[in-house]
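Some notes on the structure that comes next.
Every number here is computed from the coordinates shown, using simple stated rules; none is lab data. The structure presented is a predicted model; accordingly, all values stated were derived computationally and were not measured. Neighbour counts are summed over all protein chains in view; Cβ atoms, including those assigned to glycine, are modelled from backbone coordinates with ideal geometry.
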Amino acid sequence: MKNAEIVIIGGGVIGASVAYHLTKRGAKKVFILERESGQGKGSTGKATGGVRAQFETDINIKMSLYSIDFFENWDFDCEYEPRGYLFFATDERQFDYLKRNVRFQKSLGVKDVEIVDTKTIAEICPILNVSDIVGGTFGGRDGFINPLAVMNGFTTKALERGAKIEFETQAFSIETVGGKVVAIETNKGRIECGKVVLATGAWARELAKTAEIDLPVAPQKRQIVWAQSPSKLPENLPMVIDIGSGFHFRPARDFIDKSANDDNTEVLFAYPDPNEQSSLDTNFDESFIEKVYEKAKHRSPFLFETRVIKEKCRAGLYENTPDHHAIIGDCEIENLYFANGFSGHGVMHSPATGRALSEIILDGKASFLDVSCLRLERFAKGELLHETAFI
Ligand SMILES: Cc1cc2nc3c(=O)[nH]c(=O)nc-3n(C[C@H](O)[C@H](O)[C@H](O)COP(=O)(O)OP(=O)(O)OC[C@H]3O[C@@H](n4cnc5c(N)ncnc54)[C@H](O)[C@@H]3O)c2cc1C
């Protein structure tokens, strides 16, 4: 490949969604460059596939609403399961925060979200120790998707409409002349291009630097413990989250060996380890198992009695921004666009992101949803967003 109209660097769920939406609008000569031999080897392949509209900010809620509709009504299966997200609080301050969020979510059109008392929490999740829980919220349309199905669905449609994907093609630098993108240097040579989309997930910052853009995306290891219980999990177990500590658990979904899901005994649990420094390390650290079980001990004797399946435990990378919101849009370099920094929500927000960025590229702005608050310039202007309901 020597030239392209639009080059998307990174073939994860975000690059795939951008390609899907661009080609849906008729864009020609759209190329995805992926340095690996296949897709899904970055964060998308590590994601557990949670999707929720229970956020704090206007933009995150609206991105989720759009994306959940998309998952529900998609023309192919992304394995959307509206199992719900149950957030619980262990003090009144946390509970007030959750209640405020629910009021706001409802005002923006989130359906099936409600404030729940301790008795209802125990009914929704009978394996929970509710002795110190003061209340919570439950969003019935929140739930699970299969990240690989989403990514593959986007890719297949984009390729059918003429996009191309080049594997084992690593972008080294973005070449600019007079403040404008002209080409990309790769291990397979120089590619002249009209527009470039950076969709390289946790690895975005270094590449942006080659165009002299400081993209505040910090990689951070996130680990998941996968375990099997001696008895079946409760029917319809949702995602369950302690809003105070971020400790959470949910029924596990094996996307590769789907027969493993049949007996409803596998569960995964995790929490955001505050001691985890920014790094690109994706090795699973076994000491995390003990830390998670320590948290499970109090919250759920059921979880404490499970047996770890070590080969299924995993570590991947979150791509965090200082305000835990994505960076979507253009920048001071003409024809350079970003879709980065999803801070743990990239799969669930991939439909809205792809549509927004395709509209920005083709029309100059996103009209289905105003995503201008997610532009990179918010950091320089000090217009950071505020969301604390991240896990
Ligand atoms: C443990 C874990 C659980 C998660 N759970 C959820 C969840 O429940 N719900 C949710 O919505 N999100 C979740 N996430 C976050 C989600 O995985 C990410 O936000 C999302 O996958 C980001 O997609 P992406 O396409 O931007 O990045 P990636 O999937 O990482 O894709 C980036 C691609 O760019 C390629 N690349 C990088 N540099 C270059 C280069 N120089 N040249 C060419 N190619 C390059 C990489 O190989 C990679 O394939 C989770 C993440 C982790 C780690």
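Taking only Cα atoms, what is the 0 to 90° angle, nearest 10, from helix 13-24's long axis to the longest principal axis of the chain?
That helix lies at roughly 50 degrees to the long axis.
How about the range 137-210: which GluC sites (Glu not before Pro) there lie in a loop by DSSP and see at most 14 other Cβ atoms within 10 Å?
Working: sites: E160, E166, E168, E175, E185, E192, E206; in loops: E168.
Of the GluC sites (Glu not before Pro), the ones in loops of the range 137-210 whose Cβ has at most 14 other Cβ atoms within 10 Å are E168.
Multiplying the sequence separation of E290 and E383 by 0.36 nm and subtracting their Cα-Cα distance, what value in nm do you get? Could you put the intermediate results ahead of the total?
Values: separation 93, 0.36 × 93 = 33.48 nm, distance 3.95 nm.
Contour length minus Cα-Cα distance gives 29.5 nm.
Under the 0.36 nm per residue contour assumption, what length would be gained going from the current alpha-carbon distance of S259 and D58 to full extension?
Numbers: separation 201, 0.36 × 201 = 72.36 nm, distance 3.88 nm.
Gain in length upon complete extension: 68.5 nm.
Give me F87, F70 sorted ascending by neighbouring Cβ count inside 10 Å, so fewest comes first. Kindly include the intermediate steps, with their values, before the conclusion.
On the way: F87 29, F70 18.
Sorted ascending by nearby Cβ count, the order is F70, F87.
Quick one: angle between helix 147-160 and the longest Cα principal axis of the chain, in degrees between 0 and 90, rounded to 10, please.
For helix 147-160, the angle is close to 30 degrees.
To test your reading of the geometry: what angle, between 0 and 90 degrees and rounded to tens, separates the Cα axis of helix 287-299 from the longest principal axis of the chain?
For helix 287-299, the angle is close to 40 degrees.
Given the C-alpha atoms of the range 1-133, compute the convex hull and give its volume per residue in Å³. Let's see the in-between values first.
On the way: hull volume 21.1 nm³, N = 133.
Value for the range 1-133: 159 Å³ per residue.
Going by how many other Cβ atoms sit within 10 Å of their own, how do V267, V196 line up, fewest first?
Values: V267 23, V196 28.
Final ranking by Cβ density, sparse to dense: V267, V196.
Rounded to the nearest 500, what is the 222 nm mean residue ellipticity of the chain from helices alone, with -39500 (n - 2.57) per DSSP H run of 4+ residues and division by all residues?
Helices in the chain give a 222 nm mean residue ellipticity of -8000 deg cm²/dmol.
Pairs of Cα atoms under 8 Å, at least six residues apart: use those to get the relative contact order of the chain, whole percent. Write down the numbers at each step before the final one.
Values: 897 pairs, mean separation 90.7, N = 391.
After rounding, I find 23 percent.
Sort 361-371, 299-309 by the packing proxy (mean of other Cβ within 10 Å over each peptide's residues), most packed first.
Numbers: 361-371: 14.6, 299-309: 17.7.
Top to bottom by mean Cβ count within 10 Å: 299-309, 361-371.
Given the C-alpha atoms of the range 18-74, compute the convex hull and give its volume per residue in Å³.
Details: hull volume 7.4 nm³, N = 57.
Hull volume over Cα atoms, normalised by residue count, gives 130 Å³.
Given Cα positions, please report Rg to Rh for the chain, the hydrodynamic radius being the Kirkwood one.
Reported Rg/Rh, Kirkwood definition of Rh: 0.97.
Expressed in whole Å with the largest first, what are the equivalent ellipsoid semi-axes of the range 136-189 derived from the C-alpha gyration tensor as the square root of 5 times each eigenvalue?
Details: eigenvalues 256, 67, 27 Å².
In descending order, the three semi-axes are 36, 18, 12 Å.
Rg/Rh for the range 260-358: what does it come to with C-alpha atoms and Rh from Kirkwood?
Result for the range 260-358 is an Rg/Rh of 1.09.
Sorted by packing (mean other beta-carbon atoms within 10 Å per residue), highest first, where do 282-289, 121-128, 198-205, 43-50 land?
Working: 282-289: 14.1, 121-128: 18.1, 198-205: 25.4, 43-50: 22.5.
Packing proxy ranking, top to bottom: 198-205, 43-50, 121-128, 282-289.
Largest first and to the nearest Å, give the Cα extent of the range 183-227 along each principal axis.
48, 24, 16
What FRET efficiency would be calculated for the residue pair K119, S229, taking the C-beta separation as r and a Förster radius of 30 Å, to the nearest 0.05? Can you show the working numbers first?
Values: r = 24 Å, r/R0 = 0.81.
The computed FRET efficiency comes out at 0.80.
Quote the Stokes-Einstein diffusion coefficient, in whole µm² s⁻¹, for the range 113-212, based on the Kirkwood radius over alpha carbon pairs, a temperature of 4 °C and a viscosity of 1.567 mPa s. List each step's numbers first, then the result.
Numbers: Rh = 18.4 Å.
The calculation lands on 71 µm²/s.
Can you give the Rg and Dmax of the range 145-279 based on its C-alpha atoms, in angstrom?
When restricted to Cα atoms, the range 145-279 yields Rg and Dmax of 20.7, 65 Å.
If you rank F247, F172 by fewest surrounding Cβ atoms within 10 Å, what's the result? Provide the component values of the computation, followed by the final result.
Numbers: F247 22, F172 14.
Going from sparsest to densest Cβ surroundings: F172, F247.
Taking Cα centroids, how far is the range 143-172 from the range 34-65 in Å?
Cα centroid to Cα centroid, the span is 14 Å.
Once Rh is set to the Kirkwood radius over Cα pairs, what Stokes-Einstein translational diffusion coefficient, in µm²/s, holds for the range 310-391 at a temperature of 25 °C and a viscosity of 0.890 mPa s? Each step should come with its number before you reach the end.
Working: Rh = 13.7 Å.
Calculated translational D: 179 µm²/s.
In nm, give the distance between the simple-model label positions of V182 and E92, each being 7 Å from the Cα along the Cα-to-Cβ direction.
6.6 nm
My understanding is that a pair violates if its Cα-Cα distance is over 26 Å; which of K164/K312; K62/K99; K41/K258; K195/K365; K29/K157 do that in this structure? Could you put the intermediate results ahead of the total?
Working: K164/K312 32 Å; K62/K99 18 Å; K41/K258 19 Å; K195/K365 15 Å; K29/K157 15 Å.
Distance filter (> 26 Å) returns K164/K312.
Quick check: Cα centre of the range 367-384 to Cα centre of the range 187-224, how many Å?
19 Å
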